[in-house]
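Below is one structure, written out as structure tokens, with a few remarks after it.
The values are calculated or read from the model by the stated rules, or taken from the named source; none is laboratory data. Small disclaimer: the values here were computed from a predicted structure and weren't measured. Neighbour counts are summed over all protein chains in view; Cβ atoms, including those assigned to glycine, are modelled from backbone coordinates with ideal geometry.
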Amino acid sequence: MTDRTYVIESMISAKSIAARIEALAQEIAADFADTDKLVVVGLLRGSFVFIADLVRELPLDVEVDFVETSSYGNAMQSSREVRILKDLRGNIQGRDVLVVEDIVDTGHTLAHVLHLLASRNPRKLRTIALLDKPARRETAVRADWTGFEIPDDFVVGYGIDYAQRNRNLPYIGRVRFTGA
């Protein structure tokens, strides 16, 4: 429901995000040093800002593709039912793949997508999440790289939304509801 009044408190600055992405890109490049082209798969919609900044920092040849899932809708909590709304366009069999997620919360979405992609026999399959919220984890999934570990707060910004709002914020902010 989007008619609730809320304020957004800055949690992670744009400058901190940029610095962390630069460091992560170097780690990823080292792990994929032997690849001829890395397939970077963004989970839409929340990862689009992160993936754009990340691929610009990667000193590798990259191909970008997307998977769109749904498990939240306009709600603040996962329904735990993951639906694939848009699948990859390309074939990843025998290829090096990096899955880019905005936030790992319960872990159901990432676990579902990894199972799907692993069944397509990539040569190497790795994951990166901008944010990790381990207090909410319900699956054993864990990203290979994480930008920031955060507490169990509802966050927006840097591509992450609340009911399709606040994606355009250049930082990660904590949502605080102020009224009924």
- [ ] Sort out which residues of region 155-180 are over 19 Å from PHE48 (Cα atoms) and not aliphatic (A, V, I, L, M), and write them in order of number.
- [x] ARG174, ARG176, PHE177, THR178, GLY179
- [ ] Report whether or not SER47 is closer than 20 Å to PHE148 by Cα and surrounded by fewer than 17 Cβ atoms within 10 Å (Cβ to Cβ).
- [x] no
Open item on the list: What's the number of the only condition in (1) at pLDDT below 95; (2) out of contact with any strand residue (DSSP E or B) (no Cβ under 8 Å at 6 or more places or on another chain) that SER119 fails to meet?
Closed with: (1)
